[in-house]
Amino acid sequence: MSEKKTLPLHSELPVDKTWDIAVIYKDIAAWEAEFATIGELLDNAIAFKGRLGESAATLADAFRTCDKLNRVIEKTYTYAHLLSDEDTSISSHRALVDRASARYADISGELSWFEPELLALPDTRFQEYLAAPELQFYHRTLTEIARSKPHTLSDKEERLLGLASDVLGSSSKTFSLFNNADLKFPVIANEKGEELELTHGNYINFMESHVRDVRKNAFCALYDTYSRFRNTLSSTLFGEIKTHAFSAKIRNYPSSLEAALHGDNVPVAVYDNLISTVHHNLPALFKYFGVRAKAMKLEKIDMYDVYNPLVPECRTEVTWEQACKWVREALKPLGDDYCAKLDNAFKQRWIDVMECRGKRSGAYSSGCYDTFPYVLLNFTGTLSDVFTLAHELGHSMHSFYSREAQDYHYADYRIFVAEVASTTNELLLHNYLLNHNKDKNFRLYLLNHHCDQFRGTIYRQTMFAEFEKLIHEKVENDIPLTADLLCEEYYNLNRKYHGDNVEPDQRINMEWSRIPHFYYDFYVYKYATGLSAAAELSRNILSGDQAKLNAYLGFLKAGDTKDVLNIMKDAGVDLSTPKPIDAALSEFSATVDQLAAEL
Ligand SMILES: [Zn+2]
């Protein structure tokens, strides 16, 4: 914290390195004025209650009225959170965020009758609506709603479930409070001999240390701590998985997995295909661990020898101007239209660049239909900051294209595709930097970074996905998730994904207990499919084939107008086949060879 005191205030930063949010509202008074209109917009939407069955024109009107309301609440929320993130210590700005979020919750409660009312319409009426010219634009929304009909229960049952949802969520809430608030880790010495309390946030710094004992001590301290709570943590995870199994069962899904994939209309075969294709490609991962072992002059590596960079990050500081130049050059293969739009990010000031006092940490891309797709950074001039810039601009350009091409109603793309454009940009940057640098250390850093990205995102997340599937199946077969069972299954799976060049410390069998994503219901596989897709798309873009580039730009414009698998297919990636995953992991394998050769 003492270091932060020397940072400037947001208002003291050079204007060209701050985002321009005054174009959303010129001041808080303007925000208040628009925020005050929400009550009337909400009343207009509520007035449709009980009228959705009247006529196709009425329903179309209801959709438009709800969209109008949502646009305004999103815009007020966006401004409030961007303003507050500039300096999180300003409580009057924080209060705007709280008011906007409370209004959001309010609105979704007040309009919760909408879908059930549509689903309760007689089938003949619904079919008429699907064919009605007035509703042609909303055809996809209507079919999406209809798809949920077999899984929707009676009014009474839905009401009960709604009331019980808070109780059903308590395992995950308990885990989150325990893990984030109550759990404390020991004090560990870093490589400079400084004693630091181990935290979730700094654990990765210890794991990236070049001193093996520092890594080992942190690893042991972390897992010995978790191990002391193994029964509590197996109980919270068991409770959560039972909740998934319970709601899948009562909603007529054959399994928790099918229930979780239903929202995106993704068949279970896609999930299974990911796991089996990664299995086939495990030898490349084993080879990578062999390269690590050799580079570290170890016979075998341990679980705490996986994250430390094999070459120290190039110390050369990258200026903001240099970072922007690299990213712009790297993205040139995306064509003139993309580059011209990308220029707006700088000219119109979408990006808040510098660290400053009280600024929200990390990086993100955020905005809504009626604002720029803003980017928050805490740029300090490391190479990884340059990758972050490319990544976040990938999100922002995806949002920009979708919003420009689509009506508000279909402009938001889904989580399933959300990381594709951002990682595609990272891969293009990697390719550019590798082709334009002869410095050995710089190249090694890039190759190592690339390997770790594929290892962490495709292999590791697929291992998690496989574990999730396994524990859900256990629960569906009435097998209780005890701490012993979870540790044993996790350890075996971890062995399967690490091969003979890794001799894992037994403590890794507790890793399941600290992964919050296991409470998110089959979420992590999307990271693995996303990077596999990005790898194929970046190769397509670099091929120079105009048709392939157009297909990619089509993906950026697609928003939520089609099912995610069709969006990806039209972009050039068929995730129902092993091909994209195979190809991504061949690319990984080739990079490992290159790294081994250059080391
Ligand atoms: Zn991202």
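Taking the Kirkwood radius as Rh and the Cα radius of gyration as Rg, the chain has a ratio of Rg/Rh equal to 0.96. Less than 5 angstrom separates the built amide H of residue 188 from those of 196, 197, 198, all sequence-distant by 5 or more or on a different chain. Other residues lying with their Cβ under 9 Å from the Cβ of residue 302 contribute a combined charge of +1, Lys and Arg counting +1, Asp and Glu -1. Subtracting the Cα-Cα distance of residue 124 and residue 67 from 0.36 nm times their residue separation leaves 17.9 nm of extension gain.
When the GluC sites (Glu not before Pro) in segment 121-200 are filtered for DSSP coil states and for at most 11 other beta-carbon atoms within 10 Å of their beta-carbon, the remaining sites are 194.
Restricting attention to segment 413-522, which trypsin sites (Lys or Arg not before Pro) occupy a DSSP loop and are surrounded by at most 13 other Cβ atoms within 10 Å? Spell out each step's value before the answer.
On the way: sites: 414, 438, 440, 443, 455, 460, 469, 474, 495, 496, 507, 514; in loops: 414, 438.
Sites meeting the loop and neighbour criteria: 438.
What does the charge count around residue 348 come to, taking other residues whose C-beta lies under 12 Å from its C-beta (Lys +1, Arg +1, Asp -1, Glu -1)?
Values: positive: 341, 347, 349; negative: 16, 20, 343.
Local net charge: 0.
With 19 Å as the limit on Cα-Cα distance, the pairs of 341/557; 548/569; 297/438; 149/557 that go past it are 297/438; 149/557.
The trypsin sites (Lys or Arg not before Pro) of segment 179-223 that meet both conditions, a loop assignment by DSSP and at most 10 other Cβ atoms within 10 Å of the site Cβ, are 184, 192.
What translational diffusion coefficient, to the nearest whole µm²/s, does segment 37-152 have by Stokes-Einstein, given a Kirkwood radius computed over alpha-carbon pairs, a temperature of 25 °C and 0.890 mPa s viscosity? Don't skip to the answer; put the middle values down first.
Working: Rh = 15.8 Å.
In µm²/s, the coefficient is 155.
A simple rule links phi to the HN-Hα coupling: the Karplus curve 6.51 cos²θ - 1.76 cosθ + 1.60 with θ = phi - 60°, which for segment 294-311 gives 5, 5, 8, 6, 10, 5, 9, 9, 10, 5, 8, 10, 9, 9, 5, x, 6, 10 Hz, with x for Gly and Pro. Rounded to the nearest 0.05, what FRET efficiency is calculated for residue 355 and residue 279 with R0 set to 35 Å and r the Cβ-Cβ distance? Here the calculated transfer efficiency is 0.25.
How much length, in nm to one decimal, is gained on full extension between residue 136 and residue 158, taken as 0.36 nm per residue of separation minus their Cα-Cα distance?
On the way: separation 22, 0.36 × 22 = 7.92 nm, distance 2.93 nm.
Fully extending the segment from residue 136 to residue 158 adds 5.0 nm.
Roughly speaking, what is the centre-to-centre gap between segment 526-599 and segment 1-57 when only Cα atoms are used, to the nearest Å? For segment 526-599 versus segment 1-57, the Cα centre distance is 35 Å. Structure note, pairs 294/440; 68/347; 173/249; 184/294; 184/216: Cα-Cα distances above 25 angstrom occur for 68/347; 184/294. Phi angles across segment 30-35 convert, under the Karplus curve 6.51 cos²θ - 1.76 cosθ + 1.60 with θ = phi - 60°, into 3J(HN,Hα) values of 5, 4, 4, 4, 6, 4 Hz, Gly and Pro given as x. Given R0 = 30 Å, the distance between the Cβ atoms of residue 16 and residue 337 translates into a calculated FRET efficiency of 0.75.
Computed from the coordinates by the stated procedures, all read-outs in this text should not be read as laboratory data. Quick caveat, the model's predicted, so the values are computed rather than measured. A quick note on method: Cβ atoms are made from the backbone with ideal geometry, for glycine too, and the neighbour counts reach across all protein chains shown.
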